Amino acid sequence: MQRVAGVDEVGRGCLAGAVFAAAVVLDPDKPIAGLKDSKKISEKQREALALTIRRDALCWAVARAEPSEIDRINILHAALLAMARAIAMIDPVPDWIIVDGSRYPPIDLPGEAMVKADSNVPEVSAASILAKVARDKEMLFLERLYPGYGFNLHKGYPTPLHRQQLMQLGITPFHRKSFAPVKALL
């Protein structure tokens with residue numbers, strides 16, 4: 001049996017917070033119904049599926065790259081770093097890796113990058129869901145730490161509300177200083 005790991009990241013377009021990535025190897029004896037790209041299902045469905053994935057997958061991992069790393073190496077390389085970190089945590093090591101997108105992370109394991117894999121490959125859909133649920137949970141924590149920014153609503157994306165709150169409240173240590181709307185406030 002070949003162990004295929006699906007890998008995806010979330011949070012590349014955000015102005016605040018870490019970029020998260022997950023890697024998942026599904027158990028062929030425990031198929032999970034309803035897997036799709038995390039952006040195409042409700043928060044309630046994502047949370048229910050995340051519980052099932054964590055329970056029934058052969059193995060899974062969630063990793064991250066911090067805002068300071070994003071600012072230092074850029075968002076693309078930080079997303080690839082988070083993916084590499086998630087893959088490194090998978091045990092046993094997968095035989096093949098499918099990464100959502102057009103770039104493969106800097107790892108010495110066989111695999112491929114595939115555009116729209118989060119919609120077409122169940123392992124990648126599962127990774128998309130775990131990464132999104134983990135990042136959203138952190139954004140809820142950041143809203144408690146920095147009330148008023150609306151992190152619980154926009155999850156760090158550059159919505160009009162987030163931009164307005166940045167202008168009124170200033171930047172937090174979790175904002176990405178290399179991103180133009182934040183950089184303009186420095």
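The values are calculated or read from the model by the stated rules, or taken from the named source; none is laboratory data. Since this is a predicted model, take the numbers as computed values, not measurements. Ideal geometry is used to build each Cβ from the backbone, glycine not excepted, and the neighbour counts take in all protein chains shown. Accessible surface is based on the protein model in full, side chains and every heavy atom, while ligands, DNA and RNA are left aside. Shrake-Rupley method; radii C 1.70, N 1.55, O 1.52, S 1.80 Å.
Once the C-beta distance of Phe141 and Ile73 is scaled by a Förster radius of 30 Å, the resulting FRET efficiency is 0.80 to the nearest 0.05. Taking only the alpha-carbon positions of the range 78-159 and ignoring solvent, what does the Debye formula give for the base-10 log of I(q)/I(0) at q = 0.15, 0.22 Å⁻¹? At q = 0.15, 0.22 Å⁻¹ the computed log10 ratios are -0.65, -1.04. For the chain, the membrane-span-like helix rule (DSSP H, alpha carbon extent of at least 27 Å along the helix axis, mean Kyte-Doolittle at least -0.5) picks out 122-145; this says nothing about an actual membrane. The string of couplings for the range 10-27 from the Karplus curve (6.51, -1.76, 1.60, θ = phi - 60°) is 9, x, 5, x, 7, 8, 9, x, 6, 8, 10, 9, 10, 10, 9, 10, 7, 8 Hz, one whole number per residue in order, with x for Gly and Pro.
May I ask you to compute the full-extension gain from Gln45 to Asp108, defined as 0.36 nm times their residue separation minus their alpha-carbon distance, rounded to one decimal in nm? Mind showing how you got there, number by number?
Details: separation 63, 0.36 × 63 = 22.68 nm, distance 3.43 nm.
In short, 19.3 nm is gained.
Roughly how big is the range 1-60's charge dipole about its Cα centre, with Cβ charges of +1 (Lys, Arg) and -1 (Asp, Glu), in debye to the nearest 20?
Using only the charged Cβ atoms, the result is roughly 120 debye.
Under 5 Å from the amide H of Cys59 lie the amide H atoms of Val25, each residue being 5 or more positions distant or on a separate chain, with H modelled from the backbone and absent for Pro and chain starts.
Heavy atoms of the protein chains alone define the surface here; on that basis the range 33-93 has 53 Å² accessible area per residue at 1.4 Å probe size. The solvent-accessible area of Met167, taken with every protein chain present and a 1.4 Å probe, is close to 140 Å². Taken over the range 2-76, the convex hull of the Cα atoms encloses 106 Å³ per residue.
With Cα atoms as the point set, the range 1-145 shows a radius of gyration and Dmax of 14.0, 46 Å.
Grab the DSSP H runs of the chain that are 4 residues or longer, score each as -39,500 (n - 2.57), total them, divide by all residues and round the 222 nm result to the nearest 500 deg cm²/dmol.
Values: 8 runs with 82 residues, N = 186.
After summing the helix terms and dividing by the residues of the chain, the value is -13000 deg cm²/dmol.
Each residue, Lys30 and Glu66, gets one label point 7 Å from its Cα in the Cβ direction; the gap between the two is 3.3 nm. Only protein atoms count toward the accessible area here, which uses a 1.4 Å probe; on the chain, the carbon and sulfur part of that area reaches 57 percent. Taking the DSSP bridge list for the chain and keeping only pairs wholly inside it, about 65 percent are antiparallel.
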